[in-house]
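Colleague: Mind having a look at this structure? Questions to follow.
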Amino acid sequence: MLDISAVLCHGRASQAARDQPLPTAVLCWVGVLAAPGIAQAQQPVTVNLEPIVVKGTPLEDASPNVIDEGKIRLQQPTTLNELFFRSSDVSVSGGNRTTAQKVYVRGLEDTRLNVTIDGAKTSGTLSPHNGNNGIDPFILKRVTVDAGPGSALSGPSALGGLIAYETKAVEDFLLPDERFGAAVRLSGQTNGERLSPGAAVYGMPDDRIGFVFYGSKDNADNYRAGNGEDVTYTDNEPLNLFAKLQYQPAEAHAINLSSIYREDNGLRAAQVNFGVDPSHPRATAEDQEHIQRTSTVSYEYAPASSPYVNLVASIQENETELRRLRASNQTASWRSRGANIQNRSTIGQFYVVYGVDYLSERSRGVVAATVDESETARNIGAFLQLDYSLSEQWQLSAGLRYDNGALTDLAGNDYDGANVSPNVGLTFAPIGGLTFSASWAEAFRGVQPAPGLNLMAGIDAGATDTSLEGEVSRAFELGVDYVWREFVAGVTAFQTDIEDVVLFGGRGGAPFSRSNGGKAEISGITANLGYHWHNWVTQASYTQTETTLGGRPVSPDDWYDGFAPQGDKLAVAVGYQFRPADLYLEWNSVFVFAERDLPESFTSADKLSGYHVHDVSLFWRPQARQEFSVAVTNLLDEAYVAHGTPYNVPGGTTNLYEMGRSARLTALLRF
């Protein structure tokens, strides 16, 4: 039995709430209060309701900006745009061309966020035309999106917030009273004739040791858009390997290791994010290899007898390579190496987290045996975050983060920048169920290395602004939410300003340069509604975002600079649990409204058209060792282009459509 009781959290879902065991569904409305800097201060508010017993419901966490394992099983995403499609704060460009996909949060590309997989930073740029990372959604336990600069714990370079991918542990694979197990997964879809087999072995020989090994290999042809056309160069055969080990050498001590290897190779368009006809020079086909390696090792020490010591130390590495196999082979790579030490202490009424971190990021561009250029940036950080309950009605969170970033470019110019980034948040609950919040936060990002493909062309030293020190974002948010029995509602207004945006020149293979692009401004609102009644669960989230750069609205043409229009997006889900059968049915609808607020230079007379996409999914667990999911995505076969995908391309406009209707089936069998 899966017992869903109504445990509701004000504001962003706290880690404590998200770590509740599987029998408790946590309906924590991330972003309702959306108070950067107060995430650690939030305390769960339990509403005493009559428990609702639902068997096998895959909804473990209904937060609009938390994608949990249950949602992944139900919706069967295979790519990043499918994983984030129902998140109103997030958009993904590049269609289902996996190596072209870029993730945007409130119109800001993930390169200006702190994006991590099990703590390892992954948001580095190989090429302006390519995406930055990929992952097999099956290995994910949870994806958390914190939009806007948050607490001091968000890490370095978190100008627009945090995207944290958390992979599964052995406990997420094992059934109760099991020590060892194996699983076979087979997934397929009709559009593109994708077949995705995978297998895992896992076990806990005793309470001290645990292991998981998993591998999958996809095979897919070009997919078809909603207008019936094949979208060229979208066939792919990604290979995914995943291992996680955990060891407890003694009481209160734990060592964890996580490692991911991914290859996503295939015949690609030379400029993969452009949608043009195969005969166009920009669509020249070439073999590309996209390889990503991510590893994290952590040590934890948490003696039960001491409220002052909860220590975590970790080292991480992520390396991504893009190999263009052509007459003169090109390789662009980005390597991030980091270390983090932090401790958590409870001192009376104070909950304090403090520590230091280090990050080194190297970009490299190689052309056969003729060119080998690289730039390396480093950042040293220290942080302190404090939460304090002033009373039963008032809660305070405050923190500081210090960052010192440095980079030496190809011309020998030094860029050094340092910043102290404060944050403060306050919540007030005057009566039961009603909460007001306000927060203010800063974040800093030092001058970054140029993408590897830009490094190959060299630097235009004369056009480079050597006075740059980095980018600073400042965010202010106001929110209110209300909980009454099974009903939750909330709205948040946000404003984020990024000063001294660093832009890269050098399009079309010309030498690159760095310049100050002025201020970027991101403003808007988010709203959330939810209702849980008997066997029904309904959710809705809406985000309206306006983004300007240098005083003008951004458009899809700003892809090179890391911005995209996000406009208005509404996501609605309605789910029903069939009893006593272990069967769950869900309908999802996403509405993206037409975008008219674009610069005058944008050439489309109709601006960006709106679109709506509807999916239906069915999850069935006939017994503990068997799970089946059936889904039909884009049920109405809508033909549309994501607003962040480059629209005006050489020789015309894009034809890089998203995927049309697709029927999907996934079976997971445990042994």
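The values are calculated or read from the model by the stated rules, or taken from the named source; none is laboratory data. Treat the numbers as computed from the prediction; the structure is a model and nothing was measured. Because the Cβ atoms are built from the backbone with ideal geometry, glycine has one as well, and the counts that use them run over all protein chains shown. The accessibility values were calculated without ligands, DNA or RNA, using every heavy atom of the protein model including side chains. Shrake-Rupley method; radii C 1.70, N 1.55, O 1.52, S 1.80 Å.
Colleague: For the structure I just gave you, tell me whether Arg97 is over 27 Å from Arg324 (Cα atoms) and either out of contact with any helix residue (DSSP H, G or I) (no Cβ under 8 Å at 6 or more places or on another chain) or among the basic types (Lys, Arg) (or both).
Modeller: When the stated conditions are applied, Arg97 does not pass them.
Colleague: Then there is this: What is the number of the single condition among (1) touching a helix residue (DSSP H, G or I) at 6+ places or on another chain (Cβ under 9 Å); (2) surrounded by fewer than 18 Cβ atoms within 10 Å (Cβ to Cβ) that Gln246 does not meet?
Modeller: Unmet for Gln246, out of (1) touching a helix residue (DSSP H, G or I) at 6+ places or on another chain (Cβ under 9 Å); (2) surrounded by fewer than 18 Cβ atoms within 10 Å (Cβ to Cβ): (2).
Colleague: Looking only at residues in segment 490-507 that are free of Cβ contacts under 8 Å to residues at least 60 places away in the same chain and assigned to a loop (DSSP other than H, G, I, E, B), which one is farthest from the chain's Cα centre (by Cα)?
Modeller: Step by step, filter segment 490-507, then rank; the result is Gly506.
Colleague: Another question, if that's okay. How about segment 451-463: which of its residues are more than 25 Å from the chain's Cα centre (by Cα) and crowded, with 20+ Cβ neighbours inside 10 Å?
Modeller: Across segment 451-463, the qualifying residues are Asn454, Leu455, Met456, Ile459.
Colleague: Same structure again: Consider Thr116 carefully, then state whether it is in a loop (DSSP other than H, G, I, E, B), open to solvent by 10 Å² or more (accessible area, probe 1.4 Å) and among the polar types (S, T, N, Q).
Modeller: no
Colleague: Starting from segment 508-520, keep only residues that are more than 13 Å from Ala463 (Cα to Cα) and without any contact (Cβ under 8 Å) to a residue 40 or more places away in the chain, then list their pairs with residues that are open to solvent by 30 Å² or more (accessible area, probe 1.4 Å) and not hydrophobic (A, V, I, L, M, F, W, C) whose Cβ atoms are within a distance under 8 Å, requiring at least 6 positions of separation or different chains.
Modeller: Gly518/Asp500; Gly518/Gly550; Gly518/Gly551; Lys519/Asp497; Lys519/Glu499; Lys519/Asp500; Lys519/Gly550; Lys519/Gly551
Colleague: Among the residues of segment 207-257, how many are of a type outside the set (A, V, I, L, M, F, W, C), part of a strand (DSSP E or B) and touching a residue at least 24 places away in the same chain (Cβ under 8 Å)?
Modeller: Residues meeting the conditions: 13.
Colleague: Then there's this: Would you pick out the residues in segment 200-219 that are within 25 Å of the chain's Cα centre (by Cα) and not basic (Lys, Arg)?
Modeller: Ala200, Val212, Phe213, Tyr214, Gly215, Ser216, Asp218, Asn219 - these are the residues of segment 200-219 that are within 25 Å of the chain's Cα centre (by Cα) and not basic (Lys, Arg).
Colleague: So Leu257 ticks every box in (1) open to solvent by 20 Å² or more (accessible area, probe 1.4 Å); (2) more than 26 Å from the chain's Cα centre (by Cα) but one. Which box is left unticked?
Modeller: Leu257 satisfies all of (1) open to solvent by 20 Å² or more (accessible area, probe 1.4 Å); (2) more than 26 Å from the chain's Cα centre (by Cα) except (2).
Colleague: Still on this structure: Output the number of residues of segment 342-366 satisfying the condition of being surrounded by fewer than 18 Cβ atoms within 10 Å (Cβ to Cβ) and either of a type in the set (Ser, Thr, Tyr) or farther than 21 Å from Ser397 by Cα (or both).
Modeller: Selection size over segment 342-366: 4.
Colleague: Taking Leu195 as meeting all but one of (1) assigned to a strand (DSSP E or B); (2) open to solvent by less than 70 Å² (accessible area, probe 1.4 Å); (3) closer than 30 Å to Leu656 by Cα, write down the number of the exception.
Modeller: Here Leu195 clears every test but (2).
Colleague: For segment 389-433, what are the residues that are hydroxyl-bearing (Ser, Thr, Tyr) and either at pLDDT below 95 or within 20 Å of Ala475 (Cβ to Cβ) (or both)?
Modeller: Across segment 389-433, the qualifying residues are Ser389, Ser391, Ser397, Tyr402, Ser421, Thr427.
Colleague: Would you check if Ser589 is open to solvent by less than 50 Å² (accessible area, probe 1.4 Å), more than 20 Å from Phe138 (Cα to Cα), assigned to a strand (DSSP E or B) and of a type outside the set (D, E, K, R)?
Modeller: yes
Colleague: A further question follows. Residue by residue through segment 473-510, note down the ones that are under 17 Å from Ser523 (Cβ atoms) and surrounded by fewer than 20 Cβ atoms within 10 Å (Cβ to Cβ).
Modeller: Hits for segment 473-510 are Arg474, Phe476, Leu478, Val491, Ala493, Gln495, Asp497, Glu499.
Colleague: In segment 315-341, which residue that is without any contact (Cβ under 8 Å) to a residue 40 or more places away in the chain and over 28 Å from Thr99 (Cβ atoms) is most open to solvent (accessible area, probe 1.4 Å)?
Modeller: Ile341
Colleague: Can you pull out every residue in segment 386-409 that is within 30 Å of Thr466 (Cα to Cα), in contact (Cβ under 8 Å) with a residue 60 or more places away in the chain and open to solvent by 40 Å² or more (accessible area, probe 1.4 Å)?
Modeller: Answer for segment 386-409, where residues must be within 30 Å of Thr466 (Cα to Cα), in contact (Cβ under 8 Å) with a residue 60 or more places away in the chain and open to solvent by 40 Å² or more (accessible area, probe 1.4 Å): just Leu400.
Colleague: Further question: Suppose the filter is under 16 Å from Thr645 (Cβ atoms), polar (S, T, N, Q) and either crowded, with 23+ Cβ neighbours inside 10 Å or in contact (Cβ under 8 Å) with a residue 12 or more places away in the chain (or both); does Gln566 pass it?
Modeller: Here the answer is yes, as Gln566 does meet what is asked.
Colleague: Right, something else. Which one is most open to solvent (accessible area, probe 1.4 Å) among residues in segment 298-314 that are assigned to a loop (DSSP other than H, G, I, E, B) and touching a residue at least 12 places away in the same chain (Cβ under 8 Å)?
Modeller: Tyr308
Colleague: Among what's in segment 436-449 and is touching a Ser or Thr at 6+ places or on another chain (Cβ under 6 Å) and in a strand (DSSP E or B), pick the residue that is nearest to Val480 (Cα to Cα).
Modeller: Of everything passing the filter in segment 436-449, Ser437 is nearest to Val480 (Cα to Cα).
Colleague: If I filter segment 266-275 for residues that are at pLDDT below 95 and of a type in the set (Val, Ile, Thr), do I get at least one hit?
Modeller: Among the residues of segment 266-275, at least one is at pLDDT below 95 and of a type in the set (Val, Ile, Thr), which makes the answer yes.
For every residue, the table says whether it meets (1) under 21 Å from Asp118 (Cβ atoms); (2) open to solvent by less than 40 Å² (accessible area, probe 1.4 Å).
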site	(1), (2)
Arg224	no, no
Ala252	no, yes
Arg262	yes, yes
Asp277	no, no
Ala285	no, no
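Colleague: Would you please name the residue that is surrounded by the most Cβ atoms within 10 Å (Cβ to Cβ), looking only at residues in segment 411-450 that are over 27 Å from the mean Cα position of the chain (by Cα) and of a type in the set (Asp, Glu)?
Modeller: It comes out as Asp416.
Colleague: Looking at segment 143-187 only, could you name the residues that are open to solvent by 20 Å² or more (accessible area, probe 1.4 Å) and in a strand (DSSP E or B)?
Modeller: Within segment 143-187, Asp146, Leu162, Ala164, Glu166, Phe180, Ala182, Val184, Arg185, Leu186 qualify.
Colleague: Keeping to segment 508-549, report how many residues are outside any strand (DSSP E or B) and farther than 30 Å from Gly365 by Cα.
Modeller: 2
Colleague: Being surrounded by fewer than 17 Cβ atoms within 10 Å (Cβ to Cβ) and among the aliphatic types (A, V, I, L, M) narrows it down to one residue among Val201, Val231, Val212; which is it?
Modeller: Unique residue meeting the criteria: Val201.
Colleague: Give the residue that is farthest from Glu229 (Cα to Cα), with candidates limited to residues of segment 625-658 that are open to solvent by 50 Å² or more (accessible area, probe 1.4 Å) and at pLDDT below 90.
Modeller: Gly651
Colleague: If Lys217 passes every condition in (1) under 22 Å from Ile291 (Cα atoms); (2) surrounded by 19 or more Cβ atoms within 10 Å (Cβ to Cβ); (3) of a type outside the set (A, V, I, L, M) but one, which one does it miss?
Modeller: Here Lys217 clears every test but (2).
Colleague: Got at least one residue in segment 64-82 being out of contact with any Ser or Thr (no Cβ under 6 Å at 6 or more places or on another chain) and within 28 Å of Ala418 (Cα to Cα)?
Modeller: There is no residue in segment 64-82 that is out of contact with any Ser or Thr (no Cβ under 6 Å at 6 or more places or on another chain) and within 28 Å of Ala418 (Cα to Cα).
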